[in-house]
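Everything on this sheet refers to the single structure shown next.
The values are calculated or read from the model by the stated rules, or taken from the named source; none is laboratory data. This one's a predicted model, so the numbers in the text were calculated from it and none came from an experiment. FYI the Cβ positions are ideal-geometry reconstructions off the backbone, even for glycines, and counts take in every protein chain you see. Ligands, DNA and RNA are stripped out before the accessible areas are found, and what is left, the full protein with its side chains, is counted by its heavy atoms. Shrake-Rupley method; radii C 1.70, N 1.55, O 1.52, S 1.80 Å.
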Amino acid sequence: MPDGGRLILLGAPLGNPGDASARLRDTLARADVVAAEDTRRLIRLARDLDISIGGRIVSYFEGNEERRTPELVEAVLGGALVALVTDAGMPSVSDPGYRLVRAALDAGVPVTVAPGPSAVTTALALSGLPTDRFCFEGFLPRSGGGRRSRLRALAAEERTLVFFEAPHRVADALADLAATFGAERPAALCRELTKTYEEVLRRPLGELAAWAVAGEPRGEITLVVAGAPATTAEVPADADLRAAVADLEATGTSRRDAITAVATEYGLRRRHVYAAVHPPAATR
């Protein structure tokens, strides 16, 4: 492969052009090919940044990425610097990009990234909810049945959850979240992040659902939902512990090892299981 060919993913501002990095500006100005999710938004961004895009601009979105991916990989193999930019945030994160990155790696094409703003971490930081452990679920299924099924699978998730949602579906999504997770589960609805009308509503799911029904929210929306309260496992009764140890002994396990195995299984101290198997003699 000729020197210089590579693919670079560009993290674009969420809304405020002032968040654009110096690498984003430099790469857009010197890339041989700029693949954009929306070419009109790219041109508007370049105008806001007061830069000129010297390379060829091509569209790269859900409708044409399967066809255009091989073309872009071939361009890199030919020595071109190909930049991929989506409407906001990082390519591949609920945006086009994964298919191109996978194809580039399979072809041995160098791939790098110019990091930029992320709606996921921005909303998480603003939410006021725990940030030490979280999971990103992207967009929920569009159909009501599919959405409710996904939420039931997540109802016991203890990490903070982050979702993207379209404005016209957010009321239904919040209603299903409140019904599945509980109306009192803390959450934050973040809209128009970094833009003039940025808004963050920190309320229980039930209140957010009612708010969304009262007037359809507009703009890009990120939902942050508190994880489920940690569950405390119920300690088995002594009779159940004795039965578990007896079952292991019946298979040839020594009583000592059986007690250790049962204690490990239930997350108990060994002496707790030992006391259940060897209760103190009754006082006469």
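Across region 45-95, the number of residues qualifying as touching an Asp or Glu at 6+ places or on another chain (Cβ under 6 Å) and surrounded by fewer than 13 Cβ atoms within 10 Å (Cβ to Cβ) comes to 0.
If you go through region 195-214 and keep only what is assigned to a loop (DSSP other than H, G, I, E, B) and either farther than 17 Å from residue 127 by Cβ or open to solvent by less than 60 Å² (accessible area, probe 1.4 Å) (or both), you end up with 195, 196, 197.
Applying the criterion of being modelled with pLDDT under 95 and surrounded by 16 or more Cβ atoms within 10 Å (Cβ to Cβ) to the residues of region 222-238, the residue that is nearest to residue 126 (Cα to Cα) is 228.
Among 124, 105, which is the only one that is modelled with pLDDT of 95 or more and either within 22 Å of residue 167 (Cα to Cα) or open to solvent by less than 60 Å² (accessible area, probe 1.4 Å) (or both)?
That would be 124, the only listed residue that is modelled with pLDDT of 95 or more and either within 22 Å of residue 167 (Cα to Cα) or open to solvent by less than 60 Å² (accessible area, probe 1.4 Å) (or both).
Considering region 239-265 alone, what residues qualify as being hydroxyl-bearing (Ser, Thr, Tyr), surrounded by fewer than 17 Cβ atoms within 10 Å (Cβ to Cβ) and not in a loop (DSSP other than H, G, I, E, B)?
The one that is hydroxyl-bearing (Ser, Thr, Tyr), surrounded by fewer than 17 Cβ atoms within 10 Å (Cβ to Cβ) and not in a loop (DSSP other than H, G, I, E, B): 264.
Scanning region 211-246 for residues that are among the hydrophobic types (A, V, I, L, M, F, W, C) and in contact with a strand residue (DSSP E or B) (Cβ under 9 Å, 6 or more places away or on another chain) gives 211, 212, 221, 223, 224, 225, 226. One residue stands out in region 127-166 among those that are assigned to a helix (DSSP H, G or I) and open to solvent by 40 Å² or more (accessible area, probe 1.4 Å): the one that is farthest from residue 212 (Cα to Cα), namely 153. Pairs meeting the criteria (first residue in region 37-65 and closer than 25 Å to residue 16 by Cβ, second residue surrounded by fewer than 12 Cβ atoms within 10 Å (Cβ to Cβ), beta carbons under 8 Å, at least 6 apart or on different chains) are 46/52.
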